[in-house]
Amino acid sequence: MARRGLLLLRQFLRDSAAASSSPLPLRALASAESRRSVTYMPRPGDGAPRAVTLIPGDGIGPLVTGAVRQVMEAMHAPVYFETYEVHGAMDTVPSEVIESIRKNKVCLKGGLATPVGGGVSSLNVQLRKELDLYASLVNCFNLPGLPTRHQNVDIVVIRENTEGEYSGLEHEVVPGVVESLKKPFQVMTKFCSERIAKYAFEYAYLNNRKKVTAVHKANIMKLADGLFLESCREVATKYPVIKYDEIIVDNCCMQLVSKPEQFDVMVTPNLYGNLVANTAAGIAGGTGVMPGGNAGQDHAVFEQGASAGNVGNQKIVELKKANPVALLLSSAMMLRHLQFPSFADRLETAVKRVILEGKYRTKDLGGVSTTQEVVDAVIAALD
């Protein structure tokens, strides 16, 4: 036994000597590899504060945009806001607001009320047209700690933003007779269908998504939706690593509420996308937690992703209990767009931590917290 112990000791000493002669022992190398991370390498000047046009909007808008401002200040994020008062009852978006967005290229906005009837056009639609924000993106996903009927939901709905029913083309022919360019008289072009398809596939490719699903009603709208499908099919051939399929919009709605986890990226014409995005948002946890934005070639406007109830009722405004989570997550998207990834990660992680802990939630998420209490919790959770 003594001899065996002596042999083991000699072997140990030889191994130790061999390891110490190596410039980096294998165990230490493995440890170093586990600690190593890939850094964001900025270009000179990337850290300069960026101007962002801010539109607080109507209803809960000032509450939730105020929440974003507080969190940005707490993080010392390199952004500052140029604030403009715009309200849904206005006839048009003021020209100075458009010019500010053109100059800054990025805007964060609260909800704008769209009057029902009365001949007042939607300022949201005006903004999209004026800035050619042709792609609307809503990310609907399960947040850990937030109970929902379905799990493993992570759907991105990308919708064409400038054509179709939301073109707003309608007029009164004679008193009591209105001609409206909506189905079956919708406007759809090859150019816009192709560019939204390209945007959807490019998004999937750059974000490691596996599948793009085109939503349509080409069985009835054979020319208009047929043109949309033709564009999607052509673009799909240029992205062979991404699976492509198609689904009729009514079947899509049924599949969403029964098995939403089957969907990944969805690309849609204008009206379908609005309905699909709000349905997906309701499945994944509600409109109060879904981020989104609108993008064009040169400009981007970030806002709460799903539109249903995004202005809020007056009681929520008076009690100051609006849910700021959706706009906080949208502002994280904005920070990534501005190439401030570490600030985006910090903000998103803090929001998810607050949701997971469950102590501070607004009424729509089953809690009783005020907007300010949620904001304070997010700030406290910042790394």
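Each value in this text was obtained by applying a stated rule to the coordinates, not by laboratory testing. Note that the structure is a prediction, hence the values are computed from the model and not measured. When we count neighbours, we look across all protein chains shown, and the Cβ atoms used for this are built from the backbone with ideal geometry, even at glycine.
Couple of notes before you dig in:
- Difference of contour (0.36 nm per residue) and Cα-Cα distance, PHE191 to ALA51: 47.2 nm
- Each part reduced to its alpha carbon centroid, region 345-361 and region 288-322 end up 18 Å apart.
- You can think of it this way: the chain between ASN152 and THR83 has 21.1 nm of extra reach, that is 0.36 nm per residue less the Cα-Cα gap.
- Trypsin sites (Lys or Arg not before Pro) restricted to region 78-162 and DSSP loop, no more than 14 other C-beta within 10 Å: ARG149
- Separation of region 225-268 and region 53-110, taken as the distance between their Cα centroids, equals 33 angstrom.
- Cα-projected label distance for GLU73 with GLU96, points at 7 Å along beta-carbon direction, nm: 2.3 nm
- In this structure, the residue pairs whose Cα-Cα separation is over 20 Å, taken from LYS105/LYS320; LYS190/LYS217; LYS259/LYS359; LYS210/LYS259; LYS105/LYS190, are LYS105/LYS320; LYS259/LYS359; LYS105/LYS190.
- Restricting the trypsin sites (Lys or Arg not before Pro) of region 286-381 to loop positions (DSSP other than H, G, I, E, B) with no more than 14 neighbouring Cβ atoms within 10 Å leaves LYS320, LYS359.
- For region 269-283, backbone nitrogen atoms closer than 19 Å to the point 7 Å from LYS259 Cα along Cα-to-C-beta are found at 280, 283.
- Per-residue ³J(HN,Hα) for region 326-335, Karplus 6.51 cos²θ - 1.76 cosθ + 1.60, θ = phi - 60°, Hz, x for Gly and Pro: 4, 6, 5, 5, 5, 5, 5, 4, 5, 5
- Annotation: amide H-H contacts under 5 Å for VAL79 (H modelled 1.01 Å from N, sequence separation of 5 or more, or interchain): ARG50.
- Each residue, VAL125 and ASN219, gets one label point 7 Å from its Cα in the Cβ direction; the gap between the two is 2.9 nm.
- Selected from VAL265, ASN294, ALA322, residue furthest toward positive end of dipole (region 248-333; charges at beta carbon): ALA322
- Here the spin labels are modelled as points 7 Å beyond Cα on the Cα-Cβ line, and at ASN313 and GLU230 they lie 4.8 nm apart.
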